[in-house]
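Everything on this sheet refers to the single structure shown next.
The values are calculated or read from the model by the stated rules, or taken from the named source; none is laboratory data. Computed from a predicted structure; not experimentally measured. All Cβ positions, glycine included, derive from the backbone under ideal geometry; neighbour counts span all protein chains shown. Note: areas computed on protein heavy atoms with side chains; ligands, DNA, RNA excluded. Shrake-Rupley method; radii C 1.70, N 1.55, O 1.52, S 1.80 Å.
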Amino acid sequence: MTHIPYDSSDPAGLPPEHPNPGGDDGRGADVVHLDTARAGRHPSPASTLPAADEATTAMPATADAPPLDGRIVRVDQPGAERRDWLSELEDKARSRRPIVPLWLRSRTDALATLRWIARHSAYVAGFQLTRAPLYAGRLAVRSPRGFARVAGGFVKWVFDLEGEPVRLATVRKADPEAYLKVSRQRDARVRLRVPITLVVLVTLLIASIIVANAPAVAQWVALAVALGVLGVIGKPADRPLIERAVVASQVEKLTSDIVIRALTVLGIAGITQAMSKSPKDAIRFVAPITRDGPGWRADIDLPYGVTVTDVMDKRDRMASALRRPLGCIWPEGDSTIHEGRLILWVGDKDLSKTVVKSPLTKASGHDVFKGIPFGTDPRGRAITVPVIEHNILIGSQPGQGKTASVRVLASGAALDPTVELWIQELKGTGDLDPLEPVCHRYVSGIEDEAIGYAADSLTLLRKEVMRRAGALKALPADLCPDRKVTRQIADKRTLGLHPLVCIIDECQNLFAHPEFGDKAGDDAEFIIKLGRALGVILILATQRPDKDSLPTGISANVSIRFCLRVAGQLENDMILGTSAYKNGIRATVFQPKVDAGIGYLVGATPMPKVVRTAYLDTPATQRIADRARALRETAGMLSGHAAGERPEQITPAYDLLADIAAVVPTSEAKVWNETVVDRLAELRPEVYGPWAELEGGAKTGQLTTALKPYGIKTGQVWGTPESGGKGANRIGIARADIITAITERDKRKGTEAAS
């Protein structure tokens, strides 16, 4: 029973003369005077209060009076808590275990499990069959020992030699009565067993005569059976006959004691305090520890106040406590239950040493509306990334498998002939070159021409989004009830609403470009926000996630994110979203190089998952691209770059700095802006002609604005007009600044290409 002090100064409080305000049902609060209660427990003459004190106690409390000491009120209800039976059933239903095993819920998982069983059984059978001659030789060698054991055991049984020690014991004790008793028992046994022995020997003799007159095959079979039986009987206890086809793993079985030990040594204050107070109830297992795929799964309720994030922060220490490699330990939470529900999965094999084969390598085609097979989670379950109605952002440090992840998505899109594929590979290493023959637009390079081509792609894509919005709006409601692209609509090529996948690898080279970056960022943000329902998918990959190379409008609006190893919290949250690091989704836990290809996938599944991507090397990607091109040729879907058409170019290919260096000779240290613009217009009329048509300060300002992204400042320059006239101070540039900007840009390109 719990009590609280009664405050008589509270106007809403109950007076002392109402000891049971809740009535007679016992559910209310009792108001008890402390001295009276003590007197009831320990009656004594001294416990009787004087009349004055009683009067004082009985007086009603005023608002100014201090609270009476000893007034206590019970707030807990007596007895067990009453709950509605339906609510209890609902609570139990939330955590009920599945009737059908997890591996049987999916046709893919079931077939994969059955295939594994078949392969394992075939391997074991083949292993044992190849060693059959060895086993036969062992049986033959051991058969004499087996014959000796059979003969000796038979003689002991016939003459009851097993009872000899008992009979000798009676002799040593000089107990004639006991000796006579056991002797009579032995004689009775021998009289019964001798006739049986004669029958057995006669039977064996007859069988030997029959076998001796039988065909040679029967004789060899009988001899083999006899040697086999005698060989098995003669087997040494420490040397088994049949060798193991698969050596048993030394992985320790996961038990509750092991899990509690691992959690205790993590040094988490909440767990330590709970274990010190109540070791049995501090950590609760809500389900039995079971096998789940190639590992063990434990569902645990952590102590009050301890979250799953606290445990995930100490994953390396948990791996040490469980004596397993770091790549085998994968704790995760289940926030649908509560923040303290820990799902601990301990694998048999290090995830970093697992090679995932993509089903795309053998697929004759693919439907992107069903998602693209991307890899597996630590438990070996296939992970599919939905593409339609999504945009994807991939980020990591260099060398962690970012481009390989892009290659998997690009290969899946290529195998769907209805997909129009645009690839901009801005690293210049040709990692995606095998897919060039199926691309509507394709570029690979790090120079300004390639960056400008990628910027043009986003401009064209923005126009395409606007066109598709009108086309989708014009469709009848029965064909497009949800106002989004479906497979039925995509198959109608005349509508122009087929899936369009645009991939930009190393997108930081585009968004951080001083000339094309700002507009490209605006276009990409527009496409991400509006193109989702129109069949336009943007896949971006970067190795430098910061506010300059990845605009916040882009990182905040993508729906699917995949982050491999990154260095810190800022990069982690730029890719995975704000507060991801705080919520325990930390790609910083992955080991450099060792965990290449492993990352956190957010948005593709109901809960964030660690995923090992499938690996497609260049030859495998080339074979997929060959099949994809054949599919498109058969369906008549080749277009753009793949069909040999000249790409539409919006931004003329030019290098402003190089052009200025070309029109300003070394003999001119400084020159007016207007003079430079006129010379540029003569060099490239299609590019700089509109600049030269401007008048006055607009012409000068045009060049100043164009040079600002390169960090080049203009200033007052003394000069004379080329047509002749008086000298004057006007806005101009220094040629040395142009050459310095070119040198720094080339150094930066070289550094990025090397990384």
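Grab the alpha carbons of segment 491-543, take their convex hull, and tell me the volume per residue in Å³.
Taking the convex hull of the Cα positions in segment 491-543, it is 83 Å³ per residue.
Accessible area of residue 440, 1.4 Å probe, to the nearest 10 Å²?
50 Å²
Any idea what diffusion coefficient segment 652-755 gets from Stokes-Einstein, in µm²/s, Kirkwood Rh on alpha carbon pairs, 20 °C, 1.002 mPa s? Mind dumping the intermediate values first?
Numbers: Rh = 14.4 Å.
It diffuses with D of about 149 µm²/s by this estimate.
What number comes out for the charge environment of residue 436, summing +1 per Lys or Arg and -1 per Asp or Glu over other residues with Cβ under 11 Å away? Can you show the working numbers first?
On the way: positive: 441, 629; negative: 425, 433.
So the environment of residue 436 carries a net charge of 0.
Just the projected area, averaged over all directions, of the convex hull on the alpha carbon atoms of segment 398-446: how many nm²? The partial results should precede the final answer.
Details: hull surface 13.0 nm².
That works out to 3.3 nm².
Could you tell me the convex hull volume per residue, in Å³, taken over the Cα atoms of segment 248-300? Don't jump to the answer; show the numbers that get you there.
On the way: hull volume 4.7 nm³, N = 53.
Enclosed volume per residue, from the Cα hull, is 88 Å³.
Within segment 131-175, which residues have the backbone N less than 14 Å from the label spot 7 Å out from residue 190 along Cα→beta-carbon, could you tell me?
Under 14 Å, as judged by backbone N against the label point of residue 190, lie 155-165, 167-168 of segment 131-175.
Rounded to a whole number of µm²/s, how large is the Stokes-Einstein D of segment 195-245 at 10 °C and 1.306 mPa s, given Rh as the Kirkwood radius over C-alpha pairs?
Values: Rh = 13.2 Å.
Reported coefficient: 120 µm²/s.
Starting from the Kirkwood radius over alpha-carbon pairs of segment 435-519, derive D by Stokes-Einstein at 37 °C in a medium of 0.692 mPa s and give it in µm² s⁻¹.
After rounding, the answer is 221 µm²/s.
How charged is the neighbourhood of residue 466? Take every other residue with its Cβ under 15 Å from the Cβ of residue 466, and add Lys/Arg as +1 and Asp/Glu as -1.
Working: positive: 462, 463, 467, 468, 473, 529, 532; negative: 464, 522, 523, 525.
After counting each charged neighbour, the total is +3.
Where both residues lie in the chain, what percent of DSSP beta bridges are antiparallel, nearest 5? Before the final figure, lay out each step's value.
Numbers: 42 of 66 bridges.
Beta bridges within the chain, antiparallel portion: roughly 65 percent.
What net charge is computed for the residues neighbouring residue 127, neighbours being all others with C-beta under 12 Å from the C-beta of residue 127, Lys and Arg scored +1, Asp and Glu -1? Show your work: numbers first, answer last.
Working: positive: 131, 244; negative: 243.
The answer is +1.
Scan segment 687-754 for GluC sites (Glu not before Pro) in coil per DSSP, keeping those whose Cβ has at most 15 other Cβ atoms within 10 Å, and list them by number.
693, 695, 722
Once the cut-off is 13 Å, how many percent of the Cα-Cα pairs in segment 539-592 end up in the long-distance tail?
Tail of P(r) above 13 Å: 53 percent of Cα pairs.
Cα-based Rg of segment 93-193 per 2.2 N^0.38 Å, rounded to two decimals?
Values: Rg = 29.5 Å, N = 101, 2.2 N^0.38 = 12.7 Å.
In units of the globular-protein estimate, segment 93-193 measures up at 2.32.
How far, in nm, would the chain grow between residue 219 and residue 337 when pulled straight, counting 0.36 nm per residue and subtracting the alpha carbon separation?
Numbers: separation 118, 0.36 × 118 = 42.48 nm, distance 7.09 nm.
Roughly 35.4 nm would be gained on extension.
Give the aspartates and glutamates whose C-alpha is closer than 13 Å to that of residue 473, dropping any in the same chain fewer than 8 places away, or say none.
Those aspartates and glutamates meeting the cut-off are 482.
Dividing the convex hull volume of the alpha carbon atoms of segment 344-431 by its residue count, what do you get in Å³ per residue? Show your work: numbers first, answer last.
Working: hull volume 12.6 nm³, N = 88.
Hull volume over Cα atoms, normalised by residue count, gives 143 Å³.
If the only charges are +1 at each Lys and Arg Cβ and -1 at each Asp and Glu Cβ, what is the size of the charge dipole of the chain around the Cα centre, to the nearest 20 debye?
Working: 97 positive and 88 negative charges, 1037 e Å.
It comes to approximately 4980 debye.
Per the Kirkwood treatment, what hydrodynamic radius in Å, one decimal, follows for segment 277-360 from the mean inverse distance over all distinct Cα pairs? All intermediate terms of the calculation are to be shown ahead of the outcome.
Working: mean 1/r = 0.0716 Å⁻¹.
Kirkwood radius, segment 277-360: 14.0 Å.
Find the centroid of the Cα atoms in segment 332-352 and in segment 562-623, then give the distance between the two in whole Å.
First find each Cα centre; the distance between them is then 17 Å.
Angle check, please: helix 448-474 long axis (alpha carbons) against the longest principal axis of the chain (alpha carbons), in degrees 0 to 90, nearest 10.
Computed tilt is about 80 degrees.
With θ taken as phi - 60° and the coefficients 6.51, -1.76 and 1.60, list the Karplus ³J(HN,Hα) couplings across segment 312-319 in order, rounded to whole Hz; mark glycine and proline as x.
With coefficients 6.51, -1.76 and 1.60, one gets 5, 5, 10, 4, 5, 5, 5, 4 Hz.
Let me see the pair-distance distribution of the chain: every alpha carbon pair, 10 Å bin width, integer percents in order.
Each 10 Å bin holds this share of Cα pairs: 2, 9, 13, 13, 12, 11, 10, 9, 8, 6, 3, 1, 1, 0, 0, 0.
In whole Å, what are the extents of segment 495-625 along the principal axes defined by its C-alpha atoms, from largest to smallest?
Largest first, segment 495-625 extends 44, 38, 32 Å along its Cα principal axes.
Using a 7 Å offset from the Cα along the Cα-to-Cβ direction at both residue 662 and residue 210, what is the distance between the two label points in nm, to one decimal?
My value for the distance between the label points is 10.6 nm.
Between residue 530 and residue 129, what FRET efficiency follows from the Cβ-Cβ distance if R0 is 60 Å, with the result rounded to 0.05?
Values: r = 64 Å, r/R0 = 1.06.
E between residue 530 and residue 129, to the nearest 0.05, is 0.40.
Take the cross-link list 463/713; 370/427; 156/235 and give me the ones stretching past 23 Å between alpha-carbons.
Details: 463/713 35 Å; 370/427 30 Å; 156/235 20 Å.
From the list (463/713; 370/427; 156/235), the Cα-Cα distance tops 23 Å for 463/713; 370/427.
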